[in-house]
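Enquirer: The structure that follows is given in the form of structure tokens.
The values are calculated or read from the model by the stated rules, or taken from the named source; none is laboratory data. The structure displayed is predicted, hence computed values, not measured ones. Here Cβ is always computed from backbone atoms with ideal geometry, including for glycine, and neighbour counts include all displayed protein chains. Side chains included, ligands, DNA and RNA excluded: accessible areas come from the protein's heavy atoms. Shrake-Rupley method; radii C 1.70, N 1.55, O 1.52, S 1.80 Å.
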Amino acid sequence: MGKMRKFLIGFVVLSSALLVTGCGGGKETKNAKGDLIVTIGRQTIQNSKLPKGDTYENNAYTKLVEKKLGVELKSTFEANGEDYDRQVSLAIASGDMPDLMVVNSYDELKELVDNDLIEDLTNYYDKNASKNIKEIYESYDSIPLKEATFDDKLMAIPGTSVDDGPGLVWIRKDWLDKLGIKLDADGNGAITLEELKATAKTFVDKNPDNVAKPVGLALNYWLAATGYGNSTFTSSTIMHSFGAFPRYYLADKSGKVYYGSTTNETKKALTYLKSWYDEGLLDPQFGTRTFDDITAMLINGETGIAPGPWHLPGWNLSQVKESNPEADFVPYAIENQNGDGKINATSDKGAGSFIVVKKGFAHPELALKIVNLIYDKVPNSDNIQKEYPDLYKYSQLDVDGTARPFNVEIYDANSGIEDSVQIADAVDGKININDLTKPTDKTLAQSIKKVVDNPKDPDINDWNKYITTYVARAKTMAIPRELGILNEIVPPKFHGIKALEKNGAQLTKLEEETFIKFVTGEESLANFDQFIANWKKQGGSDVLKEMQKVQDSSDK
Amino acid sequence: MEIQHKKIKKRVTRNELLFIAMVIPGIVFLLIFSYAPMYGLLMAFQDYIPAKGVFGSKFVGLEHFQYILKLPDIAQVTKNTLYIAIMKMIFNTVLPITFAILLNEIRVLWVKKSVQTIVYLPHFLSWVVLASVVVNLFNLDGTINQILNQFGLSSLNFLGSNQLFPNLLIGTDVWKEFGYSSIVYLAAITSIDPGLYEAATMDGATWIRKVWHVTLPGMLPFILLLTILNVPNILNAGFDQVYNLYSPIVYKSGDVLDTYIYRIGLIGRQYSLGTAVGLVKSVIGLVLIFGSNKFVEKKMNRVMF
């Protein structure tokens, strides 16, 4: 029996030891070189364009951080797109968070704050943030900082989201040329919905790439989204031209809060989309297509219209061009349906996402030091090519922004379109390229000039910069602004709405399901009022009530 | 038989410790991975906050269970779950049995072996992989519709139709699993005393008679056992499969408890709600397994455990 007992005890001890090692302590760990090892969560992208041999853990950025700050960055998790948010959720749920990570929504940030899981960064920000970084936030009237502040404590370093102007529809330019279609005769950067529809019809009828089943317009099933970058393959831009702003919570002139998806304008926009579906111009498989399906359709030449933000070519349409060098795109905004000649857009200035530091991490200042390095020192260097040759190479190769330790944007509020216009002026010879103040702008202008001077078979990375900065921002997006025909809606900010936390998922489900049925005709649009009633009953009323309180108190 | 039993008993008593030792790893495994995490079930009765953990979060009693009952789609989703799970269970029992009996009749060994191997294979592929195969076969311009078009039939929107989608789920699941499930039944057939077949042949029984009077009764205990073991899964319609194939257009017919709760609970980070649903499912499963065992005991005079 003695032997037996020993065996038993040994077994139990061994198995518990195995269990315990799974959850390590919060001690500082150093690598062989004596550098501090810091864990981070990383958002990745499928086509990162990282040079061969470089990884998310080991690239020019991580090497720079290691060299300048003596810190080795290790990924606790690496995940693509939506999966990243799921990983963040899991990390929060399990209490096993990386030292530094980015959360993409205010709700997640609030949850972290409520649960006391992250460090207060107020003092670190005051002490460590560089002058330039502080100026960037001031250019937004500090809105992003306010969003990251709870009880006067700065709990995260906010990424900024620049005011981006009208949503765009990308159309295959080589097809337009081939079929002799002329768009935007008045040159205001925008086309009408009728023009878009006629183009889709011609694309389907003439089938320029000679595919089995050409599709006029393919859309994601969620149909509309808030936030500029989320507009890819949605009907947001089309909806906006009806004065409909689905998915947005807005306030009317009297200060009454309402939900954009339940308005008469949204009903009109849905009715219009249904007419596309009925005429076979909207993808017959609408509702079942995934994001990747639609990308594949574009690559295969099955569709030539892609709604999306100005940066769509950078990470999506470039794949189309890569597999088919003849493919070329041109972006248009969409004019309002009511004939006022204006273009509706939403302006959602503020925080895009948030860098947070795990509670108990010994060096919270590192978050700011990394931000200073990547978003101030590097872009404001006098000679990037010399000082940061690896990063200069990355900008030439158009390596995706996810390669940075934090996939956030911290840019001046006035950068965006104004910078692009200056770059375009430099490319067009109106000003000297060397007069551009920001060094990154110089490299951009040089790359773009290559394409303008020699448009045949451009380098794909140069083409990306040309089409996004020069064509989309400096022309299509800047022109309506200059002409004063841009009608920007500013949605109020509602944060931490309890009823939305509880019922949000259910409400989204109801909306997605019902809107698909409206468009495909499975359910008559005469039932739109019924949808509104259901929406209210399933928690929508509570959401609006709670938001109204916030709105009323902010008015005073 | 009697003598054999006694022999085993003797050997067990002699080497008692050895046999106990053999069971210990299993028990420890169960304790660590199945029983220890059970304290997490408390989450279902709490407003669970990850940072505070199970022992620090506030208790809210049955609030989450009441909320589940109030969810507007819960009836529809439960109906979908039951339909899909029950149909899967029926076909996943009938088809492998039929297949095993037919396969057993094949006398050419290499044919039998290769057929077996081919039909096993899909079982080892995950739904993540198989879903893309299924989508390519069944979408509007997929292979199946191309074949239908060849015969002058119009295309069917398998993935986007509320009538077809649940049946597609059932069909593809059966296709994936029937080969693998048939292994057990094949083993059951081989354990049937060949003497019975010889006797049946002597009595002039045809092939079908032999299947009816010898093979099926011989397999019955296995069929019952496997069915009872499957009954608790009645609320599991297969998360992986549904999640990888469905879209909002077929929520009405294809959304099952697991996917619904995944969207409402996990994506919205309402952990307590998810746990509450899990607990309800487990309790129903437990009741069902005891119930069906009792039923079999009463009606057929057999006890499984």
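Enquirer: Report the per residue volume, in Å³, of the convex hull enclosing the C-alpha atoms of region B:14-59.
Expert: 75
Enquirer: Right, here's the next one. Of the accessible area of region A:301-445, with the probe set at 1.4 angstrom, what percent is carbon plus sulfur?
Expert: Working: 2400 of 5570 Å².
C and S atoms contribute 43 percent here.
Enquirer: Just counting partner chain Cβ atoms within 10 Å, what average do the residues of peptide B:24-37 show around their Cβ? It would help to have the intermediate numbers written out before the result.
Expert: Numbers: counts 5, 2, 0, 0, 6, 1, 0, 2, 5, 1, 0, 0, 1, 0.
Mean partner shielding for this stretch: 2.
Enquirer: Something else now. Just want the answer: with Cβ charges of +1 for Lys and Arg and -1 for Asp and Glu, which residue in B:G195, B:W110, B:N92 is farthest toward the dipole's positive end in region B:64-300?
Expert: Result: B:N92, furthest along the dipole toward the positive end.
Enquirer: Can you give me the orientation-averaged projected area of the convex hull built on the Cα atoms of region A:207-355, in nm²?
Expert: In nm², the orientation-averaged hull projection of region A:207-355 is 11.0.
Enquirer: Let me ask something else about it. Each label point is 7 Å from the Cα along the Cα-to-Cβ direction; what then is the distance between the points at A:D552 and B:L82, in nm?
Expert: It works out to 4.5 nm between the two label points.
Enquirer: Whenever you get a sec, compute what percent of the accessible area on region B:163-305 sits on carbon and sulfur atoms (1.4 Å probe). Spell out each step's value before the answer.
Expert: Working: 4600 of 6930 Å².
So the carbon and sulfur contribution to the accessible surface is 66 percent.
Enquirer: D for region B:167-240, whole µm²/s, Stokes-Einstein with Kirkwood Rh over alpha-carbon pairs at 10 °C and 1.306 mPa s: what number?
Expert: 109
Enquirer: Right, next: Ignoring solvent entirely, what values of log10 I(q)/I(0) come out of the Debye formula for region A:398-444 at 0.14, 0.17, 0.28, 0.33 Å⁻¹ when each Cα is a single scatterer?
Expert: -0.42, -0.58, -1.04, -1.18
Enquirer: Diagonalise the Cα gyration tensor of region B:204-246 and give the resulting equivalent ellipsoid semi-axes, square root of 5 times each eigenvalue, largest first, whole Å.
Expert: Values: eigenvalues 252, 40, 5 Å².
That gives 36, 14, 5 Å for the three semi-axes.
Enquirer: I want to verify the translational diffusion coefficient of chain B in µm²/s; compute it with Stokes-Einstein, Rh as the Kirkwood radius over Cα pairs, at 20 °C and 1.002 mPa s.
Expert: Answer from the Stokes-Einstein relation: 92 µm²/s.
Enquirer: Show me A:114-121, A:511-518, A:46-53 ranked by packing, highest mean number of other Cβ atoms within 10 Å first.
Expert: A:511-518, A:114-121, A:46-53
Enquirer: Please list the equivalent ellipsoid semi-axes of chain A, computed as the square roots of five times the alpha-carbon gyration tensor eigenvalues, in descending order and whole angstrom.
Expert: 40, 31, 25
Enquirer: Just name one of B:L224, B:P122, B:F295: the one whose Cα is farthest towards the positive end of the charge dipole of region B:64-300 (beta-carbon charges, Lys/Arg +1, Asp/Glu -1).
Expert: B:F295
Enquirer: So what's region B:107-223 giving for Cα Rg divided by 2.2 N^0.38 Å, two decimals?
Expert: For region B:107-223, the normalised Cα radius of gyration is 1.49.
Enquirer: Can I ask one more? Of A:K30/A:K146; A:K274/A:K502; A:K349/A:K456; A:K127/A:K393; A:K110/A:K517; A:K517/B:K70, which pairs sit farther than 26 Å apart, going by alpha carbon to alpha carbon?
Expert: A:K30/A:K146; A:K274/A:K502; A:K349/A:K456; A:K127/A:K393; A:K110/A:K517
Enquirer: What does the charge count near A:E326 come to, summing +1 for each Lys or Arg and -1 for each Asp or Glu among other residues with Cβ under 14 Å from its Cβ?
Expert: -1
Enquirer: Aspartates and glutamates within cross-link reach of B:K281: Cα-Cα under 19 Å, excluding same-chain residues under 8 positions apart?
Expert: Excluding near neighbours in sequence, the set is B:E63, B:D73, B:D240, B:D255, B:D258.
Enquirer: Averaged across the residues of B:154-166, what count of C-beta atoms belonging to other chains lies within 10 Å of each residue's C-beta?
Expert: 2
Enquirer: Run the numbers on chain B and let me know its relative contact order in percent, using alpha-carbon pairs under 8 Å that are six or more apart.
Expert: Once divided by the residue count of chain B, the mean separation gives 26 percent.
Enquirer: Provide the packing ranking of B:61-70, B:18-27, A:294-303, A:347-356, i.e. peptides ordered by the mean count of other C-beta atoms within 10 Å per residue, highest first. Provide the component values of the computation, followed by the final result.
Expert: Details: B:61-70: 14.1, B:18-27: 11.3, A:294-303: 19.6, A:347-356: 21.9.
Packing order, densest peptide first, comes out as A:347-356, A:294-303, B:61-70, B:18-27.
Enquirer: Chains B and A: how much accessible area gets covered up at their contact, both sides added, probe 1.4 Å, in Å² to the nearest hundred? If you can, show how the numbers build up before the last one.
Expert: Details: alone 19280 and 26200 Å², together 42290 Å².
Protein heavy atoms only, the B-A interface buries about 3200 Å².
Enquirer: Average partner chain C-beta neighbours within 10 Å, per residue of A:512-522?
Expert: For peptide A:512-522, the averaged partner shielding equals 3.
Enquirer: Counting C-alpha atoms alone, how compact is region A:35-139: give Rg to one decimal and Dmax as a whole number, in angstrom.
Expert: 15.4, 42
Enquirer: For the protein assembly as shown, with only Lys/Arg (+1) and Asp/Glu (-1) charged at the beta-carbon, what is the dipole magnitude about the Cα centre, in debye rounded to 20? It would help to have the intermediate numbers written out before the result.
Expert: Values: 90 positive and 98 negative charges, 841 e Å.
For this selection, approximately 4040 debye.
Enquirer: Once each part is reduced to its C-alpha centroid, what is the distance from region B:230-249 to region A:495-520 in angstrom?
Expert: Value for the Cα centre distance between the two parts: 22 Å.
Enquirer: Alpha carbons only, please: Rg and Dmax for region A:38-81, in angstrom.
Expert: 10.7, 29
Enquirer: Restricting attention to the alpha-carbon atoms of region A:350-455, what are Rg (one decimal) and Dmax (integer), both in Å?
Expert: 16.2, 55
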